[in-house]
Amino acid sequence: YVSVGYGANYAHYDYLRGPSLFSPRISTTLSPSKAWRLRASASRDVSAPGAEEFLPPSSAEYLPPQRTFSPISNAGLRTQAQRNYELDLERVLNGAALAMRVFDQRIQDQTVTVFGLRRETPSSLGHYYVGSAGDAAVRGIGFTFTHALSSNVRGSVDYSVASADWTGAVIAPVEYAV
């Protein structure tokens, strides 16, 4: 009747100042009967600006080049931290399920990527800049209808609506001498 899930991701990037990145998550599901499920989850996802550049491509036979990004401001690179909270209520019907969820996301130092900022030299082609665009808070509600179309195929329709509040940070760009 009760299940608990948990996990975490750990990452370390030597170009960041400060501690390594730790992203824990936990969820619990309560099933008082076969027809009803209540699920609560919480997670924290910390990511480094430009970190996706270091992931090897899934279909190409080459590795990405060395770091081709720089901080957009004199403040340096900041990690993005996102906290997620979700509460789901699901009603299981004959071959189908109807679910409603409410969610809350808080993003601190949201990462922004800027391409094409400087193109006067051939070596800057493909180079981009990353920085922080400030903080954001997102709250919303969602509805999902899922139905088994056959024994091996399941289809679903999901609708979500949310409101967001953004607190922008004024970032002074790095000045370059030409």
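The values are calculated or read from the model by the stated rules, or taken from the named source; none is laboratory data. Treat the numbers as computed from the prediction; the structure is a model and nothing was measured. Because the Cβ atoms are built from the backbone with ideal geometry, glycine has one as well, and the counts that use them run over all protein chains shown.
Entry remark, region 125-148: residues being among the hydrophobic types (A, V, I, L, M, F, W, C), farther than 20 Å from TYR159 by Cα, in contact with a Ser or Thr (Cβ under 7 Å, 6 or more places away or on another chain) and loosely packed, with under 15 Cβ neighbours inside 10 Å number 0 in total.
Here ALA60 meets each of (1) among the small types (Gly, Ala, Ser); (2) modelled with pLDDT under 85; (3) in contact with a strand residue (DSSP E or B) (Cβ under 9 Å, 6 or more places away or on another chain) with one exception, condition (3).
The number of residues in region 83-101 that are part of a strand (DSSP E or B), more than 27 Å from VAL46 (Cα to Cα) and not hydrophobic (A, V, I, L, M, F, W, C) comes to 2. Among the residues making up region 88-114, those that are within 18 Å of the chain's Cα centre (by Cα) and surrounded by fewer than 18 Cβ atoms within 10 Å (Cβ to Cβ) are VAL102, PHE103, ASP104, ARG106, GLN108, VAL112, THR113.
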